[in-house]
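The values are calculated or read from the model by the stated rules, or taken from the named source; none is laboratory data. Bear in mind the structure is a predicted one, so any value in this text is a computation, not a measurement. Note that each Cβ is placed from the backbone with ideal geometry, even for glycine, and that neighbours are counted across all protein chains shown.
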Amino acid sequence: MNQRFTDLILAAIKQRLSDLHITGGFPLIFRRDGVIHFDKNIKWSHTEIDAMVKEMLSDRQLQMLRKRWSVDFALSFNHVRVRINAFYTTRGLSLAIRLLPETIPDLTSLNLHPSLNQIVELQSGLILVCGSTGFGKSTTIAAIIEEINRTRPTHIITIEDPIEYRFKPKKSFIEQREVGVHVPSFNQGLLDVLRENPDVIFVGELREPDTIRLTLNAAESGHLVFATLHAATAEDAVYRINNCVTGENQDVIRYQFASTLSWLIVQQLTLIKKVGFRVPILSILKGTPSVQSSIRENKLTQLETIMLTSRNEGMFTMNLYEKEFINERSSFVHPYKSFGMGADSSKEKDYVSSLIDPNAVQDVIYMSSVDDAYKTDDASKLTAGDDDEQRYVILEDHDMELKDIIAQYDESKEEKIVKKRPKK
């Protein structure tokens with residue numbers, strides 16, 4: 001690890017910074033309590049950044065950077081974990097760095113409402129945590145999963161991009177898969193996970209319609225599923241899920257989402273002047289019959305009214321949460337208390353199997369693996385054919401869209417049919 005970079009991270013923790021931005025020939029940028037600052041005394045040259053990034057990346061990550069001109073990865077050292085995005089700009093390579101404690105905070109130390117402990121007891125359903133980038137969605141989920149890990153014998157599987165918090169198995173057995181390292185895509189990971197006998201599943205981020213579909217399938221099949229989504233309000237979050245597909249399939253999505261939703265949490269971080277640091281402000285929507293009905297009927301404007309009138313069921317708008325919980329608290333735990341306390345963090349080393357090529361770039365999508373309620377008549381033909389024929393598509397390009405996968409499969413299948421025709 002580059003010593004100058006290591007020293008910078010350790011100094012950033014002592015100064016209670018949350019984010020760092022490094023770009024060639026420009027002062028260091030950092031964020032404290034959500035506000036951007038400049039440090040003109042610290043600069044990296046373009047060549048220094050190139051050399052530092054090359055040292056940080058594996059061969060496969062370097063290959064991805066050269067192909068996509070950006071790459072996400074995470075590193076651990078000195079009881080600190082950092083999530084890094086390296087990307088190409090007018091100044092060459094730039095780094096956006098998020099500082100994470102290697103020890104997973106608990107719900108109390110995150111200053112979260114104690115009602116979130118109820119989630120730990122759930123056996124099934126969808127827990128959706130929403131908010132903008134940098135507002136602590138993954139940290140909140142990690143705290144809940146860690147409490148499950150501490151109190152219940154379950155099998156937990158995470159699919160993340162990249163892995164942010166490393167869990168140490170306690171009462172639970174935890175397996176973590178990183179997209180691009182242990183699994184080619186969120187979709188393939190979700191196809192795999194239902195064959196891996198999990199009790200709890202964590203999907204790092206819902207981005208694509210097919211990822212949303214497969215996540216709902218997992219929740220509908222009786223698992224407890226956690227996921228994050230970029231949305232500023234509960235209404236925005238439900239709208240994004242309900243409208244991730246078009247046409248008649250929207251009805252299927254709405255009914256599936258309504259039947260599986262257990263908690264929908266929207267999280268922001270707000271500076272509390274009396275304590276001098278930011279704390280989470282939440283809105284909480286629960287999957288009650290009235291909420292399920294509003295989602296199924298696509299009457300999303302009713303959701304805020306339901307939250308306002310359902311305080312006895314543990315729901316909050318952000319204004320109510322701030323008024324009735326934040327403003328009533330007499331003390332808060334400083335968020336940086338979790339840094340530097342790495343004794344309980346996972347020290348398990350990553351192992352690369354001799355059977356796996358860590359630099360492979362092909363994606364394998366098993367078309368027959370999805371028990372998909374959204375298939376049209378044409379799509380259902382994709383799995384038709386000889387019973388002993390293995391049905392899969394090899395992708396040379398990670399960025400291939402689903403319609404291109406299907407077209408590739410059809411082309412392959414047509415070639416086989418032509419070969420089987422008797423010669424005249």
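A few points about this structure:
- Among the residues making up segment 171-196, a single one is among the polar types (S, T, N, Q), within 15 Å of LEU216 (Cα to Cα) and in contact with a Ser or Thr (Cβ under 8 Å, 6 or more places away or on another chain): ASN187.
- Count - residues of segment 46-91 that are under 18 Å from THR23 (Cα atoms) and of a type in the set (S, T, N, Q): 5
- The residue of segment 111-124 that is farthest from GLY24 (Cα to Cα), among those that are of a type outside the set (Val, Ile, Thr) and crowded, with 20+ Cβ neighbours inside 10 Å, is LEU116.
- For segment 85-131, the tally of residues that are within 22 Å of PHE226 (Cβ to Cβ) and either in a helix (DSSP H, G or I) or hydrophobic (A, V, I, L, M, F, W, C) (or both) stands at 19.
- Taking segment 236-278 as the range and being surrounded by 18 or more Cβ atoms within 10 Å (Cβ to Cβ), part of a helix (DSSP H, G or I) and of a type outside the set (A, V, I, L, M) as the test, the residues that pass are ASN242, ARG254, GLN256, PHE257, THR260.
- The helices (runs of 4 or more DSSP H) located wholly in segment 1-77 that include 3 or more residues which are closer than 21 Å to PRO162 by Cα and over 25 Å from the mean Cα position of the chain (by Cα) occupy 46-56.
- Odd one out for SER293, checked against (1) of a type in the set (S, T, N, Q); (2) in a helix (DSSP H, G or I); (3) free of Cβ contacts under 8 Å to residues at least 12 places away in the same chain: (3)
- Here THR23, THR47, THR6, THR103 are screened, and the one residue that is more than 18 Å from ALA142 (Cβ to Cβ) and in contact with a Ser or Thr (Cβ under 6 Å, 6 or more places away or on another chain) is THR23.
- Members of segment 75-108 found to be within 30 Å of LYS286 (Cα to Cα), crowded, with 17+ Cβ neighbours inside 10 Å and of a type in the set (S, T, N, Q), listed by number: THR103
- Verdict on GLU147 being touching a residue at least 12 places away in the same chain (Cβ under 8 Å) and either surrounded by fewer than 21 Cβ atoms within 10 Å (Cβ to Cβ) or assigned to a helix (DSSP H, G or I) (or both): yes
- Residue in segment 241-252 that is modelled with pLDDT of 95 or more and touching a Cys at 6+ places or on another chain (Cβ under 9 Å) present: no
- Pairs with Cβ under 7 Å, 6+ apart, first in segment 256-281 and assigned by TED's automatic domain parsing to the domain that holds VAL120 and farther than 24 Å from LEU214 by Cα, second of a type in the set (Gly, Ala, Ser) and surrounded by fewer than 20 Cβ atoms within 10 Å (Cβ to Cβ): LEU269/GLY34; LEU271/GLY34; ARG278/GLY34
- Here VAL291 meets the list (1) under 12 Å from ALA234 (Cβ atoms); (2) surrounded by fewer than 21 Cβ atoms within 10 Å (Cβ to Cβ); (3) of a type outside the set (S, T, N, Q) almost entirely, failing just condition (2).
- Members of segment 9-18 found to be within 19 Å of ILE49 (Cα to Cα) and surrounded by 18 or more Cβ atoms within 10 Å (Cβ to Cβ), listed by number: ILE9, ALA12
- Members of segment 298-333 found to be farther than 25 Å from ARG278 by Cβ, in contact (Cβ under 8 Å) with a residue 40 or more places away in the chain and in a loop (DSSP other than H, G, I, E, B), listed by number: ASN298
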